Amino acid sequence: MADEIAIESSLREKRRFKPDPAWSRRANLPGKAAYGRMVKEAEKNFQRYWARHARENVSWFSPWKKILDWKPPFAKWFVGAKTNVSYNCIDRHLEGPNAWRRNKAAIIWEGEPGDRRVLTFGDLHREVGTFANVLKANGVKKGDRVVLYMPLVPELAIAMLACTRIGAVHSIIFGGFSADSIRDRVQDAGAKIVVTADGGWRRGQIVPLKKMVNDAIRKLPEVGRVIVLRRTGQDVPMRKGRDVWWHEQTEGVSPECKPAKLDSEHPLFILYTSGSTGKPKGILHTTGGYLTHVATTARYIFDLKEDDTYWCTADIGWITGHSYVVYGILANGATSVMYEGAPNWPDEERFWQIVDRYRVTVFYTAPTAIRTFMRWGEKRVKKYSLSSLRLLGTVGEPINPEAWMWYRRVVGRNRCPIVDTWWQPETGGILITPLPGAVETTPGSATRPFPGIFPEILNEQGEPCRPDEGGYLVITKPWPGMLRGIYGDPKRFREQYWSKYKDLYFTGDGARRDARGYFWIMGRVDDVMNVAGHRLSTMEIESALVSHRSVAEAAVVGRPDEIKGTAVVGFVSLEGGVEAREELRDELRQHVAREIGPVARPDEIRIAAGLPKTRSGKIMRRLLRDVAAGRETTGDTTTLEDFSVLAALRSDED
Ligand code: WTA
């Protein structure tokens, strides 16, 4: 990590896009004046402001005695109130003025092989009630942890909602993780039951989920029950007395299961993130505050309307899927599209087929996906009408302006606002984002805090940075969706997030704020380099590299250098059809010097077939740093998607 941080930020983006007045008029937050009022309301009294949203966007069985109990770093929101997440996502859409939603699509699902299912809110009610009863029959009690290791099928959402219905705490493990990661997580969570499937589909292949679970829990006798969904249909080993089939368990079971009246601070889920050290961190979220945060942000940021068909392409196994495929969307009574498989199966047009087939209106994806679509070529997108789309979003990393402009032009046809949403698993929901009907956007900036969120950028001494001066991004006031801890490890929770600055939440991200008050996230602070006394953000150099027409993707890392301290090494993959000429390396070095300044000129450019990425599409800079320095790779590589890519890079150095 940087020992001092005066990040020199050189990205200067001039293009701006005002909300279209016709769009704004229809928006849930209709224009600048309404936005200004919301900001003022939040500044005046942020607790009362969030309490208003809690009343408007969440149904409670009984009210709170206190809005916030804040004993840093431990927050309790809506203290003493009772609610239930599955009730909010399902039952309340079957009652009162919304009762007509019983036959509205809650989930529109498409499997990779092309199979399709639609579940209405009425269907979801039956399925969730049934599976909640199955969990109970298998001994699951309030507070017990249930591990879910499943493909992206409706049953994953059903199992999550069934847990919340009875107050069990789910911990979802993304289906791409290996047996070792499953074992660590099951153990850390102290789970006695795992729900999985025989397999899932990915690029035409079966991902052998059940087999992975077997390997993981072979030496964990405490796991007494595994419920297996039949998805792919191949034979899987079932261990007698421990493993049972989902379809047999649910047969003849009553769909009626009353939602438990849970305390607002009752644990809702644990989600493990890799963390930079080996041991995974179990991020803990609770009920009332989290639901308030995700329901409110989804309503305003995705501008959800009764007739929207919303599609977030994230897997439910990531926080984005928890908050904005399932909870935030269903809480609004909106329709959520889910797609099980890869974007390039059977070909690179799958996403656009899905958008046109269901007439998706709101589309939320990641910059890495957008850059991949760019590489596949805009012809693939232009073949489709995409006329239903009205709003686009991104999350996961800083989006380089080139990708932003491409997204706007090729996918949004210059018609759809883009919301670049900054947040983390720890924050529960979105914290910094434009509001689509109210905030002018500019490519590469997540713009302003969501009203009620109070970020600040501090230097090493804890003083606020000047405009455009880079520093550490912190959040100065508690918010409803904030993590409540690291499961079983309060010490690590304090150290990781609350020790750099007293009582302020430290995000681990570097950022700057421009003179207009817009935030520019520069990535994790460990991705900042000190080059000859200058602090440079790897993200900005990457963005400059990608702005060259030959480059599809770029990753920049530092390599120890005797003279400069750090030398800049750029790894790039090229656009389809571009040849890896020797002169190109020099051309790219000069290009960066022109775009940012000579200080940022890479000392070395390495051309690769593809860059090593985590399962969620983030480039693994840690590995590339080792490659650049000629070191052996160490540490946890379970999140690495493609080892062959790494091998290819290594041979490139010989
Ligand atoms: C980065 C996703 C810039 C950031 C919810 C954060 C972003 C980490 C953005 C968390 C964005 C996420 N602009 N950077 N819009 N969104 N990040 O675990 O560094 O996938 O701390 O959670 O991604 O990523 P994660």
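Compactness ratio of the stretch 510-589: Cα Rg over 2.2 N^0.38 Å, N = residue count?
Normalised Cα radius of gyration, the stretch 510-589: 1.24.
Using a 7 Å offset from the Cα along the Cα-to-Cβ direction at both Lys305 and Ala580, what is the distance between the two label points in nm, to one decimal?
The modelled label-to-label distance comes out at 4.9 nm.
So for the stretch 446-526, what percent of the C-alpha to C-alpha distances run longer than 21 Å?
Of the Cα pairs, 28 percent sit more than 21 Å apart.
Expressed in nm to one decimal, what extension gain is obtained for the pair Phe17 and Thr476 from 0.36 nm per residue of sequence separation less their Cα-Cα distance?
Full-extension gain reported as 162.3 nm.
What aspartates and glutamates could a cross-link reach from Lys14, if we take a straight Cα to Cα line under 20 Å and drop same-chain neighbours fewer than 8 places away?
Cross-link targets: Glu402, Asp420, Glu440, Asp468, Glu469, Asp514, Glu540, Glu542, Glu595.
The chain: longest stretch without exposed GluC sites (Glu not before Pro) (DSSP loop, at most 12 other Cβ within 10 Å), sites themselves excluded?
The answer is 307-561.
Once the dipole of the chain is set up with Lys and Arg at +1 and Asp and Glu at -1 on Cβ about the Cα centre, which of Val244, Val572, Tyr49 lies farthest towards its positive end?
Tyr49
Below 19 Å, Cα to Cα, which lysines can Lys502 reach? Residues fewer than 8 away in the same chain don't count.
Lys71, Lys76, Lys477, Lys491
Does anything in the stretch 77-97 have its amide N under 16 Å from the 7 Å Cα→Cβ label point of Lys142, and if so which residues?
Label zone hits: 80-87.
What translational D, rounded to a whole number of µm²/s, comes out for the stretch 173-332 from Stokes-Einstein when the hydrodynamic radius is the Kirkwood one over Cα pairs, at 25 °C and 0.890 mPa s?
It diffuses with D of about 137 µm²/s by this estimate.
For the stretch 363-452, rounded, prolate or oblate, judged on the Cα gyration tensor with a ≥ b ≥ c (square roots of eigenvalues), a/c < 1.5 rounded, else prolate if a/b > b/c?
Here the stretch 363-452 falls in the prolate category.
Ignoring ligands, DNA and RNA, what accessible area per residue does the stretch 85-270 give at 1.4 Å, in Å²?
It amounts to 39 Å² per residue over the stretch 85-270.
Tell me, in nm to one decimal, what length is gained between Lys32 and Val599 on full extension, where the rule is 0.36 nm per residue of separation less the Cα-Cα distance?
Net length gain for the segment: 200.1 nm.
Can you put Asp527, Asp20, Asp235 in order of accessible area, largest first, using a 1.4 Å probe?
Heavy-atom accessible area, descending, gives Asp235, Asp20, Asp527.
So which of Lys136/Lys279; Lys141/Lys240; Lys281/Lys500 end up more than 25 Å apart by C-alpha?
From Lys136/Lys279; Lys141/Lys240; Lys281/Lys500, over 25 Å: Lys136/Lys279.
Could you report the accessible area of Cys465 in Å², rounded to 10, computed with a 1.4 Å probe on the protein chains as they sit in the structure?
20
Roughly speaking, what is the centre-to-centre gap between the stretch 241-299 and the stretch 112-178 when only Cα atoms are used, to the nearest Å?
8
At Arg357 and Arg52, where each label point lies 7 Å from the Cα along Cα→Cβ, what is the point-to-point distance in nanometres?
4.3
Counting only DSSP beta bridges with both residues in the stretch 174-322, what percent are antiparallel, rounded to the nearest 5?
In the stretch 174-322, DSSP labels about 55 percent of beta bridges as antiparallel.
So if the hydrodynamic radius of the chain is defined as the Kirkwood radius over C-alpha pairs, what does Stokes-Einstein give as its diffusion coefficient at 20 °C and 1.002 mPa s, in µm² per second?
Once the numbers are plugged in, D ends up at 84 µm²/s.
Bin width 5 Å, alpha-carbon pairs only: give the P(r) of the stretch 85-270 as whole percents, running from 0 to the bin holding the largest distance.
1, 8, 17, 20, 21, 16, 11, 4, 2, 0, 0
Carbon-plus-sulfur fraction of the accessible area of the chain, 1.4 Å probe, in percent?
Carbon with sulfur: 49 percent of the solvent-accessible area.
For the stretch 1-124, go through all pairs of different Cα atoms, get the mean of 1/r, take its inverse, and jot down that Kirkwood value in Å.
After inverting the mean inverse Cα-Cα distance, the result is 19.6 Å.
Does the stretch 271-392 classify as rounded, prolate or oblate by the C-alpha gyration tensor (a ≥ b ≥ c root eigenvalues; a/c under 1.5 gives rounded; else a/b over b/c gives prolate, otherwise oblate)?
Oblate.
Give the accessible area for Lys305 in Å² (nearest 10); use a 1.4 Å probe, count only protein heavy atoms, and leave out ligands, DNA and RNA.
Around 40 Å² of this residue is reachable by solvent.
If you count only protein heavy atoms and use a 1.4 Å probe, how large is the accessible surface of Val439, to the nearest 10 Å²?
10
The values are calculated or read from the model by the stated rules, or taken from the named source; none is laboratory data. Because the structure is a prediction, the values reported are computed rather than measured. Ideal geometry is used to build each Cβ from the backbone, glycine not excepted, and the neighbour counts take in all protein chains shown. Keep in mind that these areas ignore ligands, DNA and RNA; they rest on the heavy atoms of the full protein, side chains included. Shrake-Rupley method; radii C 1.70, N 1.55, O 1.52, S 1.80 Å.
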